[in-house]
Each structure stands twice: as C-alpha cells, then as structure tokens.
Amino acid sequence: MTIQWFPGHMAKARRQVTEKLALIDVVIELLDARLPLSSRNPMIDEIVSDKPRLILLNKADLADEKATEEWISYFRGLGVRTLPIDALSGKGVNKLPELCREQASEMLAKRAEKGMQARAIRIMILGIPNVGKSSLINRLSKRAVAQTGDRPAVTKAQQWVKMGDTLELLDTPGILWPKFEDQMVGLRLAASGAIKDELIDFTEVALFVIAYMMHYYPERLIERFKLKELPEDKVTMLEEIGKKRGCLVSGGQIDYDKAAELFLRELRSGKLGRVTLERPIDWEMEEPIGKPVSFPE
C-alpha cells in the first residue's frame, strides 16, 4: 500500500517549526503507544537537532502494557526520557511539567548565572496527525483551547498556550512525510486511524492486523469472535469475522471490505483489548509479521 500524502499546510508547518525552534527550550515528541516508531516522523530528528526532548507515548490505555515497557527501554537506550500517558483521561500527564523543568534545567541555570529574569519554559509539541496533540494541550491547560477530533489533520495552525507563569506550549499542525517508504509503516498507521480512511484499503489493512494478532494475541481473536479455535490463515479469520458480524452479500458470500472495516473499528475503539501493533524486535525482522500477500480474487 503506497500512500502519498503531503498537503501544502504540512510543508508550511515544517517551515514554521524550523523558524520557531530558536524560541523553544524543550521539544515534546508525541507518539502513539501502539506504534511508536511508525508514528515518528523521520524528519523530526533532523529538525529538532540537539534540543532537549521528551517522548510521550500517548493512548497508552489502548496499548499492550508489556510492549509499552519494551518501548520505554528502547528509547531509554537512545538517551531519551519517555513517559506513557493517556491525554484523554489525563493519566500520567501531571508528571509532564516537572519533567519539562528537568529537561530545561541547563537553560534555567544559565539564565540565573547571567542574572536574567526568570521566564516561562517554552515547549513545542510535535507529532503526526491524530496522535492526540490537541487533547494533550487541553488537558495540560485545563481548558478547551485546542480543537480535537477523531480524524487526522484537525490542527491547522500554530498557537501558544500558557500554563500559568511557568510553562508555555506551542502547538503545531501534524507533520507527515511525503511518502511512506516502508509498506509496514503505512499499514500500522492506517490501522491506528492516523491516515484518512478514504485513502486506505480496509481489507489489506485488516489482514495485516489479523496476522499480527494471530501471532501475538490469538486468545483475543478467539474470545472476541467466539471461535472454538484459531483459523489456519488470516483470510479465513477475516471470513469468520464477516460471518460473526453478518457481513454477507447475495449468495451468502462474505463482504470482505465491510468485515474489514468493522474489524478495524473494533480495534481502534479498544474492543479487541490492549493491542500494540509493533515491537522493537519487529524492526529487526527480515520478514515482518503481517507482511501483505496477494489477496485471492
């Protein structure tokens, strides 16, 4: 699945981020806890350079807790402080101001040495569309200052958000890269809802997730769809889902696309349990789990 999506406002956003970076003390990189590396914009390392940085794994309530611990260890190995949060409920968010102060401690010390007046720590929040930036800002500011939505590209412009006298946040539009070079990245993002549904093939994405869950979460599929045992392959599993959900067309044939869409809706809403769609080890495998194959006509 090759998806090209780089609207003009995103190109403008990258330019604006680069221009504003000189004003920033700490960069907060917001990732989806269910797919941390796939939800990282590869341009961010280049853009942010050596600025103090925090990584937040948002939607941790939907992610596998054990896998999240693996990702925290992974980023710790890269020297980046990482915190799992749920921006909607606020879990973990209360720790963020203190972590920002820790990251900005060197800057604060230098200002004090020079006898400069204390000022608020300036924070930039970066992340791809639909990862929860607006929800985080609203949670931190304790008021609805940022527009939220369950679809990508809701945020269209930058805005400063004050948090008392100690912190100021700069929200930015989501940034996606011009082309998903890695097919697996595109599939994971599509599964999570980070890509507009009009641009994806539901069946292909669902088959990817099913294959992954058959490997890591077989009991979830058996329990959710009331199966006696797990089918032998992902296509048969999708057919079982179609039967259980009444996704049939004339002649009793399975409506694969409808079954796939319903399956993805259940995944995104958490009805399939806490599911993480990638682990550090998946990036080391020559043949990733769930790699697409030709679908029978």
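For the reader, a short list of remarks on this structure follows.
- Of the residues making up the range 126-159, those that are modelled with pLDDT of 65 or more and β-branched (Val, Ile, Thr) are Ile128, Val131, Ile137.
- Selection of helices (runs of 4 or more DSSP H) fully inside the range 22-124 by the criterion of at least 3 residues being open to solvent by less than 10 Å² (accessible area, probe 1.4 Å) returns 65-77.
- Residues being buried (at least 18 other Cβ atoms within 10 Å of the Cβ) and either of a type in the set (A, V, I, L, M) or modelled with pLDDT of 95 or more (or both) - total across the range 262-285: 11
- Taken together, the criteria exclude Tyr212 from residues that are of a type outside the set (A, V, I, L, M, F, W, C), closer than 20 Å to Gly270 by Cα and open to solvent by 10 Å² or more (accessible area, probe 1.4 Å).
- The residue of the range 160-173 that is modelled with the lowest pLDDT, among those that are open to solvent by 10 Å² or more (accessible area, probe 1.4 Å) and farther than 17 Å from Gly92 by Cβ, is Gly164.
- Checking the range 47-61 against the condition returns a match, with at least one residue being farther than 24 Å from Leu187 by Cβ and hydroxyl-bearing (Ser, Thr, Tyr).
- Any hit, the range 231-250, residues being touching a Ser or Thr at 6+ places or on another chain (Cβ under 8 Å), crowded, with 16+ Cβ neighbours inside 10 Å and either closer than 25 Å to Asp86 by Cα or of a type outside the set (S, T, N, Q) (or both): yes
- Search result, residues across the range 18-39 that are more than 19 Å from Met107 (Cβ to Cβ) and in contact (Cβ under 8 Å) with a residue 40 or more places away in the chain: Leu30, Leu31, Asp32, Ala33, Arg34, Leu35, Pro36, Leu37, Ser38, Ser39
- Helices (runs of 4 or more DSSP H) (entirely within the range 205-277) containing at least 3 residues that are under 19 Å from Leu189 (Cα atoms): 256-269
The values are calculated or read from the model by the stated rules, or taken from the named source; none is laboratory data. The shown structure was predicted, so the numbers you read here are calculated from the model rather than taken from an experiment. Positions of Cβ are backbone-derived with ideal geometry, glycine not excepted, and every protein chain shown enters the neighbour counts. In case anyone asks, the SASA skips ligands and DNA or RNA and just uses the protein heavy atoms, side chains included. Shrake-Rupley method; radii C 1.70, N 1.55, O 1.52, S 1.80 Å.
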